[in-house]
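Novice: Input: one structure, supplied below.
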Amino acid sequence: MKYIISAILILSMMLEGFAQFNTDTFYPKAKVYLKDHKVLKGKELKVTDSGVSFFDVAGNQQQSLEMTELDFIKIPKGNHLWEGTIIGTATLALSALLIDLDTDALGQPQEKDASFYLAMAGGGAALGALVGILVPKWKPIYLKDKTAGRFLPIEFDILPGERLATIKITLKL
C-alpha cells in the first residue's frame, strides 16, 4: 500500500512540474503575441520569471517585455509534411477520377489505366509534401490565463415561453 501512495505522490509531482511554465529558457525563433493584438517576430527569445527579451526582426531592435503585456508566445516545432502529402494525394487522385469520368468530343468515355492514377496521386503527394515542408507548425509555450486561442466565447440562451433563442458571441476588438 505504501508503494502505491509513493507512486501516486511521485507521479503527481512530475505532472505538476510539467504543468508549470518553463522559465529561464532560450529559443532561437519565436512569435510574441501582445495584448493589443500585435504580433512580433523575434529571434533569440529569452524567457525569465518576470518577462521576455528578444530581437525584434521587423523593428530591428532588442525588445524587453513583461509577462503582463503578453497574450501568448509560440515557437516553431516541425512542419506540415504529412498533412500536405495527404491533402495533395487526395486532391490529385480525385482530379484523376474526374478526368476519367469525362468524355471526349465524340461522347466516348476516356478510359485511363492504373499508371495514370498512380502518376496523378504520386504527383499530388510530391507537391503536397513540398508545400507542407515550407509551412511551419507553431507550438505555444506561454498562454496567458491558459485560454488564448483555445475557445470561442459563445453564449446560447433559449427562452421557451417567448419562443426565442439568442446567440451572443463576445470578441476583443
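The values are calculated or read from the model by the stated rules, or taken from the named source; none is laboratory data. All values derive from a computational prediction rather than experimental measurement. Cβ coordinates were reconstructed from backbone atoms using ideal geometry, including for glycine residues, and neighbour counts include every protein chain displayed.
Novice: Pick from region 61-108 the residues that are in a helix (DSSP H, G or I) and among the small types (Gly, Ala, Ser): which of them is nearest to TRP138 (Cα to Cα)?
Specialist: GLY84
Novice: Which residue, of LYS112, LYS144, LYS74, is closer than 30 Å to PHE26 by Cα, at pLDDT 75 or above and charged (D, E, K, R)?
Specialist: LYS74
Novice: Are any residues in region 68-108 surrounded by 16 or more Cβ atoms within 10 Å (Cβ to Cβ) and touching a residue at least 60 places away in the same chain (Cβ under 8 Å), and if so, which ones?
Specialist: Passing the criteria: LEU70, ASP71, PHE72, ILE73, LYS74, ILE75.
Novice: Next question. Out of the residues in region 36-60 that are charged (D, E, K, R) and either under 24 Å from the mean Cα position of the chain (by Cα) or in a strand (DSSP E or B) (or both), which is farthest from TYR142 (Cα to Cα)?
Specialist: Among those residues, the one meeting the criterion is ASP56.
Novice: Among the residues of region 109-144, count how many are aromatic (Phe, Trp, Tyr), surrounded by fewer than 16 Cβ atoms within 10 Å (Cβ to Cβ) and not in a strand (DSSP E or B).
Specialist: Residues that pass the stated criteria total 1.
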